[in-house]
1. Glu52: closer than 21 Å to Arg142 by Cα and without any contact (Cβ under 8 Å) to a residue 60 or more places away in the chain, yes or no?
2. Just for segment 316-330: of the residues that are over 18 Å from Ser114 (Cα atoms) and at pLDDT below 95, which one is surrounded by the most Cβ atoms within 10 Å (Cβ to Cβ)?
3. Is it the case that Gly377 is within 27 Å of the chain's Cα centre (by Cα), of a type in the set (Gly, Ala, Ser) and under 26 Å from Asn259 (Cβ atoms)?
4. Tell me the residue from Asp342, Asp337, Asp368 that is surrounded by fewer than 17 Cβ atoms within 10 Å (Cβ to Cβ) and under 21 Å from the mean Cα position of the chain (by Cα), please.
5. Return the residues of segment 401-457 that are among the basic types (Lys, Arg) and either closer than 30 Å to Asp11 by Cβ or surrounded by fewer than 18 Cβ atoms within 10 Å (Cβ to Cβ) (or both); say none if nothing qualifies.
6. Does Ser307 count as under 26 Å from Val185 (Cβ atoms), surrounded by 21 or more Cβ atoms within 10 Å (Cβ to Cβ), touching an Asp or Glu at 6+ places or on another chain (Cβ under 7 Å) and among the polar types (S, T, N, Q)?
7. Sort through Ser98, Ser119 and tell me the only one that's more than 14 Å from Tyr340 (Cβ to Cβ), in contact (Cβ under 8 Å) with a residue 40 or more places away in the chain and surrounded by fewer than 18 Cβ atoms within 10 Å (Cβ to Cβ).
8. Given (1) surrounded by 23 or more Cβ atoms within 10 Å (Cβ to Cβ); (2) under 23 Å from Ala403 (Cα atoms), where does Asp295 come up short, assuming only one miss?
Amino acid sequence: MTELTCFKAYDIRGQLGTELDEEIAYRIGRAYAEFLAPDNVVLGGDIRLTSESIKLALSEGIRDAGADVIDIGTVGTEEVYFATSFLQADGGIEVTASHNPIDYNGMKPIREGSRPISSDTGLLDIKTLAEANDFPSVDPARRGGYRKASILDAYLDHLLTYIDLEKITPIKLVMNAGNGAAGHVVDALEARFEQLGAQIDIVKINNEQDGTFPNGIPNPILHENRAPTIDAVLEHGADIGIAWDGDFDRCFLVDELGNFIEGYYIVGLLADAFLRKNPGAKVVHDPRLTWNTIDVANKGGGSAVQSKTGHAFIKELMRTEDAVYGGEMSAHHYFRDFFYCDSGMIPWLLVMELVTSSGKPLSELVRDMVEAYPSPGEINRKIADPKAAIDGVRRHYEENALAIDTTDGISMEFADWRFNLRMSNTEPVVRLNLETKGDRDLLARRQSELLAILESV
């Protein structure tokens, strides 16, 4: 039995031809359906050139196991999340590799109610079945059916429940769909805005679907990928710039001055907005950057609950805690009313409403948080031995640390600064996040110090 290395902690991701192909996709589809025993499964795929063939191979495996397939076409991950609950299906899978290199693809599987499937809630069982490849003979009489469906109108209806369009004053938005993955939703929302008389001027860039990725793999969390959105905001005098990753479950925001807003501060902004409407509620956050979110929750009369990093873990904890909102500094935002799922569309809609209702530009809305808890954003370094490097950092600082947390990697807290170090799930990379209490000079010194220690091990 050959191990399938495309299975990760909470999704499936692998290099095409070596870790993932149509035959493996069939086995995964068959294993998924044998394990969950669903009556019907929603399938969608992103714009990668291989996504359609992998999706159809998945479909064959699912159907051979006796389940019906509902194919919603070329869509973003959150559309599969939405469709699974909206259509009351027993599960769903989006074929996507999100921000991974062009020679990769993958899958994000969920079960009924748009619940995630992670390594500790069934993904390893599916892996075992797919590796064994020992399935019952196909019974033609009970083979599942196949139909196509569109949920776009219902999905748009839901998105617009998060804002009051009548309160939106004239605003200009730049929308960068990367290579068009989000383009169909941008176009549909633009048509809705016009139909409803909302004065929302949209400047669209890279809006057409192109699976050759002529503009590179969209991942604006990387500094080198931010310039097109920033330049367009400044050129067009836009109020907000919005860019998405490869399956548009993450959106990234640029203010009216052309400043990229780190996802950490958007978490604080949205947490505050939800706590104002839901007094005493809980918000969930990851351990990478925490102080601002905790501060916002305390000031808003709510509570902040820490989760391990990753969408499956955040969603599970939100359900357990009945949290109204969850946010990660990596620009994933989760909403109780969106089946506890993440969306790359709801955040910018909410921010647009906040900007117009407050009469303040986006730069001003986040200014106090940025000044109170400055952070450079996530810093990635390729390290030959990530574990040894992290252990070296721990030894250097642990004697003086006020608190040490190992929820995800290692977090260390001191009187006026803190940091988190964690390894990548897929490559020899160490990811560093740090923040201070209002001290940018200290931030610069600690950043240089940490990187020097990492690179010396």
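1. On the way: closer than 21 Å to Arg142 by Cα: no; without any contact (Cβ under 8 Å) to a residue 60 or more places away in the chain: yes.
Judged against the criteria, Glu52 is not a match.
2. Among residues in segment 316-330 that are over 18 Å from Ser114 (Cα atoms) and at pLDDT below 95, the one surrounded by the most Cβ atoms within 10 Å (Cβ to Cβ) is Met329.
3. Numbers: within 27 Å of the chain's Cα centre (by Cα): yes; of a type in the set (Gly, Ala, Ser): yes; under 26 Å from Asn259 (Cβ atoms): yes.
Taking the combined requirement at face value, the residue satisfies it.
4. Working: Asp342 fails: surrounded by fewer than 17 Cβ atoms within 10 Å (Cβ to Cβ); Asp368 fails: under 21 Å from the mean Cα position of the chain (by Cα).
Testing whether each residue is surrounded by fewer than 17 Cβ atoms within 10 Å (Cβ to Cβ) and under 21 Å from the mean Cα position of the chain (by Cα) leaves just Asp337.
5. First pass over segment 401-457, keeping only residues among the basic types (Lys, Arg): 418, 422, 431, 437, 440, 445-446.
Answer for segment 401-457, where residues must be among the basic types (Lys, Arg) and either closer than 30 Å to Asp11 by Cβ or surrounded by fewer than 18 Cβ atoms within 10 Å (Cβ to Cβ) (or both): Arg418, Arg422, Arg431, Lys437, Arg440, Arg445.
6. Working: under 26 Å from Val185 (Cβ atoms): no; surrounded by 21 or more Cβ atoms within 10 Å (Cβ to Cβ): yes; touching an Asp or Glu at 6+ places or on another chain (Cβ under 7 Å): yes; among the polar types (S, T, N, Q): yes.
So Ser307 fails the test.
7. Working: Ser98 fails: surrounded by fewer than 18 Cβ atoms within 10 Å (Cβ to Cβ).
Sole residue among the options that is more than 14 Å from Tyr340 (Cβ to Cβ), in contact (Cβ under 8 Å) with a residue 40 or more places away in the chain and surrounded by fewer than 18 Cβ atoms within 10 Å (Cβ to Cβ): Ser119.
8. Checking Asp295 against (1) surrounded by 23 or more Cβ atoms within 10 Å (Cβ to Cβ); (2) under 23 Å from Ala403 (Cα atoms), the one that fails is (1).
The values are calculated or read from the model by the stated rules, or taken from the named source; none is laboratory data. This is a predicted model, so every value here is computed, not measured. Glycine gets a Cβ as well: all are built from the backbone with ideal geometry, and neighbour counts include every protein chain shown.
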